[in-house]
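Any read-out appearing in this document is the output of simple, stated calculations on the displayed coordinates, not a laboratory observation. Predicted model only: the values in this text are computed from it and were never measured. Here Cβ is always computed from backbone atoms with ideal geometry, including for glycine, and neighbour counts include all displayed protein chains.
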Amino acid sequence: MDHEILVNIMKRSSLLQWGCRTGAIKTGAIKTCKSWLMAALDVFFPSPNIFDLRPHAHALATKSHRKIVILYMTLAIDFRPPTSGTQLLFPKTRLPRKAYRFVAKRLPSLTRINLPAGAKIRVENLRAMVPYWSNLEHVRFPASVADSLGTHCKKIHTLYLFGAIGNYIASTIAENFPLLEHLRIPYCILSNDALSIMLDGHKSLITLDTRHCLCVDEVLIPRIFRNYQHCNPKTAVHRRFFKPRGKEGNHRRYLKANEWNEDEILRKAAGINKFLQCGRKNDCSECSDLY
Ligand SMILES: [Zn+2]
């Protein structure tokens, strides 16, 4: 039967309708013949280049269904050309711990990875994956993994970070990433010197995105790091550390952002084609009340 017709039939069947069928039905297609297997893989992961785990988030959260998704991942990696799977899109759902290293080992061609805001993933699991991905070019990760990326991934041209960037991480970014062209750090909490340190190491940036970044004293960075449990830059950092909740909030618990060293930053960023900033203290609806 024609491949496209077979894929269409499987799309209309129960293959991806989790919760109403047994695992035996979902794995039946792969046992029939190779043409059925390839059609089933195209239903699970339609693009040969994008390993998109997001549509399978609910299945990954259920033990019995998780095994089926992992099985299809294994088969896709084994049966598709080794050059496929250059992009990995994570769901917000946490995967089983062993799955991270498993996925990383089998995707050596990965060039792009995007960790979504709100993803429940431990930093140690990200660190376990990074050494397998020396071909990465475009990354969206927590800033706390920047040292690992700097050690193992020398081809990165786009670095999109979230979280807190103190002097150590800033120095790591400055001293590594020789091909870096686009540095995006919106909503990051920076030490007073972090941006200046990063710009000293990267004088040929094309893009710098610092919208809604806030500066704090270096001594506060570890505290923010320690409490940074989620990957949602807006709610986890800004609202948690800088803004009291409701009228009864204890204001002494909350931080106030420091002033930027505008002159120094503008001087060091003068050659950047696209320097994105917000109005900060004076003209930004998201930041002005945090100073
Ligand atoms: Zn802002």
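Numbers below:
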item: Residues H157, H58 arranged by fewest to most Cβ contacts within 10 Å; result: H58, H157
item: Sites matching GluC sites (Glu not before Pro) across region 103-199 that sit in DSSP coil, with at most 10 neighbouring C-beta atoms within 10 Å; result: none
item: Backbone HN-Hα couplings from phi across region 254-262 [Karplus 6.51/-1.76/1.60, Hz, Gly and Pro as x]; result: 9, 8, 10, 6, 7, 5, 7, 8, 4
item: Residues with amide H under 5 Å from that of F162, placed H, sequence gap 5 or more; result: F141, A143
item: Qualifying chymotrypsin sites (Phe, Trp or Tyr not before Pro) in region 62-125, DSSP loop, other Cβ atoms within 10 Å at most 12; result: none
item: Relative exposure of D263, D217, D193, D200, judged by other C-beta atoms within 10 Å (fewest first); result: D263, D217, D200, D193
